[in-house]
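For reference, the structure is listed below as C-alpha cells.
The values are calculated or read from the model by the stated rules, or taken from the named source; none is laboratory data. This one's a predicted model, so the numbers in the text were calculated from it and none came from an experiment. Heads up, the Cβs are rebuilt from the backbone with ideal geometry, glycines too, and the neighbour counts pull from every protein chain shown. We work out accessible area using only protein heavy atoms, side chains counted, and drop any ligands, DNA or RNA first. Shrake-Rupley method; radii C 1.70, N 1.55, O 1.52, S 1.80 Å.
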Amino acid sequence: MGDFMKKMKEDPFANYLGITIEDVEEGYAKVSMEIKGNLLNFHGSANGGAIFSLADVAFACASNSHHQAAVGIAMTIYYMQASGMGDRLVAIAREETKPHRLGVYRIEVLNDKGELVALAEGMAYRKRDKLVP
C-alpha cells in the first residue's frame, strides 16, 4: 500500500483523536485508539462518539483500500458494553460485498480482552475517481 497507507495515516481527524492505522489490505482495515481523559463522557466511560469515530476510520480505510474514492453513505452502530480510561480499543473493518458502486462493511470494535464493545455496519458509495497517492 506504500504511499496510499502513508496518506491514510496523515488523516487530520484520526490523528486528533489519537487513532493509529495499523493495517490496511484490500477490503480490510485495522485501527486502534487508547481511551484517554478527553475521550470520556460525564459517566466516566468512553464517549460513544469516540467509539463511533474509531469505527468510522476503519470503515473509511477499508472502503478506500481499492484505490478508488469511496464515501460513506450510511452507518449504524450498536454499543454492546462500556469502555473506560486506559482501555485500548481496536476496530476491524471487513468488506462484506463489493458490487460495482456500493460496498457493505462490518466493523467490530474490541477491547483489550477481545470483547465486543461495539458492532457497526457501513455502506460506501464508490465514486468514479481513482485515489492518487
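Key figures
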| item | result |
| --- | --- |
| Selection within segment 118-133 - more than 12 Å from the chain's Cα centre (by Cα) and either among the basic types (K, R) or within 23 Å of K9 (Cβ to Cβ) (or both) | A124, R126, K127, R128, D129, K130, L131, V132, P133 |
| Tally, over segment 1-48, of residues that are farther than 19 Å from A124 by Cα, open to solvent by 50 Å² or more (accessible area, probe 1.4 Å) and in a loop (DSSP other than H, G, I, E, B) | 6 |
| Test: residue in segment 53-65 that is outside any helix (DSSP H, G or I) and open to solvent by less than 10 Å² (accessible area, probe 1.4 Å) | yes |
| Of all residues in segment 115-133 being in a strand (DSSP E or B) and among the charged types (D, E, K, R), the one that is most open to solvent (accessible area, probe 1.4 Å) | R128 |
| Unique residue being under 26 Å from K130 (Cα atoms), among the aliphatic types (A, V, I, L, M) and without any contact (Cβ under 8 Å) to a residue 60 or more places away in the chain when the list is M33, M85, M8 | M8 |
| Selected residue (criterion: nearest to I35 (Cα to Cα)) from residues of segment 98-114 that are loosely packed, with under 12 Cβ neighbours inside 10 Å and over 17 Å from the mean Cα position of the chain (by Cα) | K113 |
| Extreme residue, farthest from A120 (Cα to Cα), among residues of segment 77-94 that are outside any strand (DSSP E or B) and of a type in the set (A, V, I, L, M, F, W, C) | M85 |
| Failed item in (1) over 20 Å from I21 (Cα atoms); (2) over 14 Å from the mean Cα position of the chain (by Cα); (3) open to solvent by less than 60 Å² (accessible area, probe 1.4 Å), with A74 passing the rest | (2) |
| Pairs where the first residue, in segment 96-111, is outside any strand (DSSP E or B) and the second is of a type in the set (D, E) and open to solvent by less than 50 Å² (accessible area, probe 1.4 Å), C-beta under 7 Å, 6+ apart | N111/D87 |
